[in-house]
1. Of the residues that make up segment 331-340, is at least one crowded, with 17+ Cβ neighbours inside 10 Å and either at pLDDT 75 or above or over 27 Å from the mean Cα position of the chain (by Cα) (or both)?
2. Answer yes if at least one residue in segment 238-247 is within 16 Å of VAL43 (Cα to Cα), more than 24 Å from the chain's Cα centre (by Cα) and assigned to a loop (DSSP other than H, G, I, E, B), and no otherwise.
3. Being out of contact with any Lys or Arg (no Cβ under 8 Å at 6 or more places or on another chain) and in a helix (DSSP H, G or I) is the filter; apply it to segment 82-103 and report the residue that is least open to solvent (accessible area, probe 1.4 Å).
4. With respect to GLY248, determine if the residue is small (Gly, Ala, Ser), within 28 Å of ILE36 (Cβ to Cβ) and at pLDDT 70 or above.
5. Please indicate, with yes or no, whether at least one residue in segment 290-306 is surrounded by fewer than 20 Cβ atoms within 10 Å (Cβ to Cβ), at pLDDT 90 or above and touching a Pro at 6+ places or on another chain (Cβ under 7 Å).
6. Which members of segment 139-150 meet the condition of being open to solvent by less than 30 Å² (accessible area, probe 1.4 Å) and either modelled with pLDDT of 95 or more or touching a Cys at 6+ places or on another chain (Cβ under 7 Å) (or both)?
7. Are any of the residues in segment 202-218 open to solvent by less than 10 Å² (accessible area, probe 1.4 Å), at pLDDT below 95 and touching a helix residue (DSSP H, G or I) at 6+ places or on another chain (Cβ under 6 Å)?
Amino acid sequence: MEDLRAHGDFMKHSEQIRQDHKNVLVLFRYNRLKSIEEDAAFVHEISALFPQYAIVANERCGSWYIEPQPERKHVSAYFKSTDGHTGEWKFNLRRMNLHLIDAIAATGGCIIVDSTRRGKRLPDALSKTIPIWCAVLNRAISKSGLGGAGWDVELHTLPSIISRSEHAQIAVLIDGFADNLLRTKIDLTEIRKKLTKPLRPLWYTPQSNILYSPDYSDSPFFPVICLSASQFIEGGSQARNGYMYVQGSGDDEEAWSLVRTIDRFVEQQCYELTAGNPGKVAIGTWKSGEPPSCWQNFDIVINCTDQEYPENKKEIYSKCYLHLNIPSGKRGKDRAVGIALALLVQYYDTHGVPYTEVSQRPDGKYLIVIPPLKFLLLMFCIVDKIYIQQHLINIMNSRPQ
């Protein structure tokens, strides 16, 4: 009898612990969402000062702070703070964000939104990675002879955040970063046509004193406004009326969000990675591989998810469909891009044109055929780091998100 009573008490306490844990999680999420709501109001206030500029979410954190504005151009970017960490500064050729140039040229500038957790006013992505990006693009244009007189090639950082010593250490690296960019054979002539003025980073935070609405339309540069959404709070949190404000709440969403990601994108999307017909390669979500529509647009489908449609397993598609059972999430996306890159390096030139001959599939579509001779020739071609980077640049330019 005592054992039963003890067991009942244990179950009662266990249930109470589970309920308390659930309440803590709900409150934790509530504080985060209320903090994001407060920060989003500041982002909206600043973006209203520059209604013409494209608004850019530095993924994934920045997306939480941007309210939908149908009349405004919205873009995503991937500037990593790790590329601006002290002593590890770099211009990352895998994350060149060149799609932003179209948005900047079309609207006269852009606002890049991000935030950081406790300890900093600005994330390293805004204080260093983006200034490096601007300086390298400006310097590469100048080194290629396209800049012209007065073209700004200097590194610009925020003196109140970046010390003169660190600024000087980064500045000496810009030339080398520009040379690396030039070696990728990127079309700087086309970029220069869009960038009629050099890029220049500017910074806004909740601590900024804004006395009037700035006008950069007559400035000798395109403004790249680095907007940090969150207030700088000693200790990272502060009591508000009815909730606890948490600095940088949009960061590290997996730890608190009720959903895995922000569902802002159309579910069915395919990534067209190569140019020219025949020979399109599609790597996408499970939905994007749904037959028969996927076969109306693509010749080869590689399913990089843990689900598949039975119809795609039919013999008719055995030579043009591949299922790779990859779990969902960031690692799955990274592996999918790696697979695409491997295919491009093996079977396509750096312009996205396949090394192929063509034969007809049983359903009348065309099938890529790699004859043994061409396969051997391809295997003996020089595949170095620059060659692979050029293919990766093609992927990023065709699908920047």
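The values are calculated or read from the model by the stated rules, or taken from the named source; none is laboratory data. As the structure is a prediction and not an experimental result, all values here were calculated from the model. Positions of Cβ are generated from backbone atoms using ideal geometry, with glycine treated the same way; all protein chains shown enter the neighbour counts. Just the protein is used for accessible areas: all its heavy atoms, side chains included, with ligands, DNA and RNA removed. Shrake-Rupley method; radii C 1.70, N 1.55, O 1.52, S 1.80 Å.
1. The answer is no, given that none of the residues of segment 331-340 is crowded, with 17+ Cβ neighbours inside 10 Å and either at pLDDT 75 or above or over 27 Å from the mean Cα position of the chain (by Cα) (or both).
2. no
3. My answer is LEU100.
4. Numbers: small (Gly, Ala, Ser): yes; within 28 Å of ILE36 (Cβ to Cβ): yes; at pLDDT 70 or above: yes.
Considered against the rule, which asks whether it is small (Gly, Ala, Ser), within 28 Å of ILE36 (Cβ to Cβ) and at pLDDT 70 or above, GLY248 comes out as yes.
5. The answer is no; no qualifying residue exists.
6. If we filter segment 139-150 for residues that are open to solvent by less than 30 Å² (accessible area, probe 1.4 Å), which is where we start, we get 140-141, 147.
Matches in segment 139-150: ALA140, ILE141.
7. To start, the set of residues in segment 202-218 that are open to solvent by less than 10 Å² (accessible area, probe 1.4 Å) comprises 205.
When the remaining residues are screened for being at pLDDT below 95, the result is 205.
Those still in the list that are touching a helix residue (DSSP H, G or I) at 6+ places or on another chain (Cβ under 6 Å) too: none.
Scanning segment 202-218, I find no residue that is open to solvent by less than 10 Å² (accessible area, probe 1.4 Å), at pLDDT below 95 and touching a helix residue (DSSP H, G or I) at 6+ places or on another chain (Cβ under 6 Å), so the answer is no.
Conditions (1) closer than 24 Å to ILE111 by Cβ; (2) in contact with an Asp or Glu (Cβ under 7 Å, 6 or more places away or on another chain); (3) without any contact (Cβ under 8 Å) to a residue 24 or more places away in the chain, marked per residue:
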| site | (1), (2), (3) |
| --- | --- |
| THR157 | yes, no, no |
| SER163 | no, no, yes |
| HIS167 | yes, no, yes |
| ASN180 | no, no, no |
| ILE191 | yes, no, no |
| PRO201 | yes, no, no |
| TYR216 | yes, no, no |
| SER219 | yes, no, yes |
